[in-house]
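In what follows, a structure is listed as C-alpha cells, so that the remarks can point back to it.
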Amino acid sequence: MTPIRIPVPGELTQETGRALHRSAREHALQKGGVLLVDLSNTRTMDARGGAWLLTIAEWAKARGGELAWEGASGQVAEFMELVEPGLKAALRKKPRRVGLLENLGDATIRATAEVREFLNLLVDAIYWTILAPFLGRGFRWGLLLDEMHEMGVRAVRINFMMNFLLGLTIAMLSAAQLRTFGLGIYVADLVMIGFARELAAVMTAVVVAARTGAAIAAELATMKVQEEIDALRGMGLNVPQFLVAPKLLALTLVMPCLVSLGMLSGIAGGMIWGVYVLDIRPDAWLNETLGAAKLKDIFQGLFKGFFFAIVIVLIGCHNGLRVEGGSRGVGLMTTRAVVQDIFLIIVVDMMFALLFYYVVD
Amino acid sequence: MSVDAKNLAGPIIRVENLVTHYGDTPILKGVSFCVDPGEIFVIIGGSGCGKTTLLKHMTGLLSPTSGKIVHDGTDITLLDEDELTRVQRNIGIAFQSGGLFNSMTVGDNVALPLREYGKVGEDLIPSLVRFKLNLVGLGAAEHLMPDELSGGMKKRAGLARAIALDPPVIYFDEPSAGLDPIMASGLDDLILNLRRLLGITFIIVTHELDSIRKISDRILMLDQGSAIFLGTLAEAESSDAPRVRQFFERRADEFIAQRGMVPGGHEEEEGAE
Ligand SMILES: Nc1ncnc2c1ncn2[C@@H]1O[C@H](COP(=O)(O)OP(=O)(O)O)[C@@H](O)[C@H]1O
Ligand SMILES: [Mg+2]
C-alpha cells in the first residue's frame, strides 16, 4: 500500500496546522495505511503546530492507520524529536466508566468498611480518653485547656445569641395561641420545659457542630493531606491518643456548660417577650418558670448534650481522617462531617425522646 | 524565534534595589540585577535566604517594600491589579510543590490557562495538552488526579502547565529538588530544549550543582538578603568569595549554628511556604 503523502507548508503554526488537519481528513485512510507528512519544505514550527500533528496522528490511529513523517531538518527536526513520543504513543482511551450495579456493590462494601472504621475509632477514642490517663499512658493535658478555650469560651457569644433568639421566637409563637385564652403566663412554663429538655441541647449542638465539628474535620483532613498524620504514625505516635482524645475530653467537658448557658439564654429570651409584650410582672414570670421544670428535665438536656459532644467530635475526626485527594477532599469531608453531625444529632435526640417517654417518665 | 529574541536590545527583566519584608523581618535588603532575553538565569543560595521570596516578587505575587521590578520596560510594582494580570499572562510560573489544582485531572490543569485565555480553538486543546504533557514525560498521566502523582511528577505537571501558553519567560522554583538523577537530568535537557527551540527565558532557583553546571548562563547568589555574586558559571567557580567557594565545593557550613543569630538573619521555616 502506498502511503498517502501530505505536504506541510513553510511554517507549521496554529493556522496552517488546522488547514493541514482539514486536508488530511479528506483522504480515505485505510486500515494499516500510512499517512506520510512531508516536512521537507517546513522551516519553522511551534508548539501549536506540533499539537495539530498529534491531532492528525490520533485521527489516523482511530482509523487503524498510522502517521509517519520525513524530510524534517534543522529546528523542525529537533522539534519533531520532542513531538515523537506523543505521535508514537498508542491511541488514548478514555477512562473506563463504572456501571450502576458495580457502583451499588462498591457503595455497600464502602459503607461496611466505613462503619467498621468508625467503631474502631470509637473504641480507641474511649480507651485513650477515659482509661489511658488512669493507666498512666499519657494524655496531652496542655492541649486540653487550649481546646476547651477554643471550643467553649469562644462559642459563648454565638451560642447565647442563637438560644436567646430561639427563646424569643418560641415565646412569640406560643403566646399568639395562649393569650387568646388569657393564659399568657403559661408561655413561661412552655419555654422552660422546652429549653430544659430539648431546645437548648439541640440548638447548642447545631452551633457546636457548625463551629467545632467543621473545624475538627478540616484540621484533621488538612493534616492528612499534608502527610502530618503519616508523620505522627511514623514517629510511633498514636493518632487517637494524640489528636482525638484531647478534643473528645474537651468537648464533653465544655458541652454541658454550653447547654446550661443555652437554657439560661433561651429562658431569658422568652422572659423578655413575656415581660415587655405580654405585660406579665417579672417576679410572677420567674416564679412560674422555676415551678415549671423539675431537676430531672434539666438533667435530660445536659445528658443529651454530653452525647451530642461525643457524636460531634467523633464524626469530625472520622471524616477528617478519611479524606482523599487534596484541597477539594478537605472541603468535601468538612461538609460531610457537618451534614452527618446534624443528622445524627436529630437521630440521637429522637432516641432519647423514646427512652425518656417509655422508660424514665 | 530564539534568534529574534536574542537580538532584542536590553534586558527582559530588571530588578533594582529590591527591599522586602515579611512583617518587620527584612528578607531582601537591596538586590539589583538584570535578566537578558533567552538566558537561563539561575538563583542560588542557602535554604531560607529568600530565593522563593525573590521569585514571588518578580512575578508580582508579592509587592516589595521598595525598589523596582521592570518587565519589558514596565515597572510591575506600579501596576494595578488588571495591568498586573496582563503581565502575568505572559510569564509561566512553576511552583516548588507543583501548585496543581487538586480538584482537576492533570490534563485539565494544563488545559485551564489555554481555555481561560489561550486564544486556542477548543478543537486543538486536547492535543496541545497531550503535547505539553509529553514534553515533560507525563503523557500517560493525563487522566490522573494530582494526588495520584509522586512529588517529582507533580513538579513536571506544574511545568507543563507553566509552558501551556508558550510564555516568553518561565520562573521555576527548585525544579530538580526531589527528582531522581535521571529525571532531573531529563528536566535539564527539557529546559535547554525549550530555550533553544522556543527562545524561552528561564529564571530558575536551584540547589543542584550538576544542574547548575549543565544549564546556567548566569548565576545570582543570595546570602542573608543580599546579592553576593552575579556572573557566569566559570566566574563563580573561580570566585574568591568564601560563600561562593563554599557552595561550589559543597563544604559543610561551619557557621550553620550561628546563621539564625546573625542580626537580620532568620531561621529556616520551610513550612511557611
Ligand atoms: N509567608 C511568610 N511569612 C513570614 N516569613 C516568611 C514567609 N515565607 C517565607 N518566610 C521567611 O522568609 C525567609 C525566606 O524564605 P524563602 O524565600 O522561602 O527562602 P528560600 O530561599 O528557601 O526559598 C525564610 O526565613 C522564611 O522563614
Ligand atoms: Mg524556596
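Details
- Accessible area (Å², per residue) of the range A:121-360, counting only protein heavy atoms and a probe of 1.4 Å: 49 Å²
- Accessible area buried by the pairing of B and A, both sides summed with a 1.4 Å probe, works out to roughly 2200 Å².
- Burial annotation for the range A:286-329: residues with an accessible-area loss of at least 40 Å² between the isolated chain and the complete set of protein chains, computed on heavy atoms with a 1.4 Å probe, are A:328.
- Solvent exposure, largest accessible area first (probe 1.4 Å, DNA, RNA and ligands not counted), of A:126, A:312, B:93: A:126, B:93, A:312
- Angle in degrees between helix A:245-276 and the longest Cα principal axis of chain A, rounded to the nearest 10: 60 degrees
- Sequence-separation-based contact order of the range B:33-130, relative, with Cα cut under 8 Å and 6+ spacing, percent: 13 percent
- Extents of chain A, largest first, come to 104, 59, 39 Å (Cα atoms, principal axes, whole angstrom).
- For A:18-26, mean number of other protein chain Cβ atoms within 10 Å: 1
- Take every Cα pair under 8 Å whose residues are at least 6 apart in sequence, average their separation, divide by the length of the range A:215-361, and the relative contact order is 42 percent.
- Against the main long axis of the alpha-carbon atoms of chain B, helix B:125-135 sits at an angle near 40°.
- Projecting the Cα positions of A:225, A:126, A:163 onto the charge dipole of chain A (unit charges on Cβ atoms of Lys, Arg, Asp and Glu, taken about the Cα centre) puts A:225 furthest along the positive direction.
- Taking chain A as a Gaussian network of alpha-carbon nodes connected by springs under 10 Å, the highest mean-square fluctuation of the residues A:283, A:189, A:38 belongs to A:38.
- Accessible area (Å², per residue) of the range A:4-88, counting only protein heavy atoms and a probe of 1.4 Å: 45 Å²
- Accessible area per residue was computed with a 1.4 Å probe on protein heavy atoms; residue A:335 scores about 80 Å².
- Most mobile of B:119, B:29, B:51 in a GNM of chain B (Cα contacts under 10 Å): B:119
- The solvent-accessible area of residue B:142, taken with every protein chain present and a 1.4 Å probe, is close to 20 Å².
- Placing B:104, B:58 in order of accessible area, with the largest value first and a 1.4 Å probe, yields B:104, B:58.
- Chain B, accessible surface, carbon-and-sulfur percent (1.4 angstrom probe): 52 percent
- Which listed pairs, of B:56/B:214; B:132/B:155; B:56/B:155; A:224/A:247, have C-alpha distances above 21 Å, in listed order: B:56/B:214
- Length-normalised contact order of chain A in % [C-alpha pairs under 8 Å, at least 6 apart]: 18 percent
- Helix axis angle, A:214-225 relative to chain A longest principal axis, alpha carbon, degrees: 30 degrees
- Per-residue mean of C-beta atoms belonging to partner chains within 10 Å, peptide A:83-89: 4
- For chain A, the mean residue ellipticity at 222 nm estimated from helices alone is -22500 deg cm²/dmol, where every DSSP H run of n ≥ 4 contributes -39500 (n - 2.57) and the total is divided by all residues, rounded to the nearest 500.
- Interface residues, the range A:54-79 - accessible area loss of 40 Å² or more versus chain alone, probe 1.4 Å: A:54, A:78, A:79
- Full extension of the chain between residue A:177 and residue A:78 gives 27.0 nm of extra length, using 0.36 nm per residue less the Cα-Cα distance.
- Within the range A:278-292, backbone nitrogen closer than 20 Å to the virtual label 7 Å beyond the Cα of residue A:356 toward Cβ: A:288-292
- Mean Cβ count within 10 Å, highest first, over the residues of peptides B:146-152, B:14-20: B:14-20, B:146-152
- Rounded percent of accessible protein surface that carbon and sulfur make up, chain A, 1.4 Å probe: 64 percent
The values are calculated or read from the model by the stated rules, or taken from the named source; none is laboratory data. Because the structure is predicted, anything quoted here is derived from the model rather than measured. As a convention, Cβ positions derive from the backbone with ideal geometry for all residues, glycine included, and neighbour counts pool all protein chains shown. Surface areas here come from the heavy atoms of the whole protein model, side chains and all, with no ligands, DNA or RNA. Shrake-Rupley method; radii C 1.70, N 1.55, O 1.52, S 1.80 Å.
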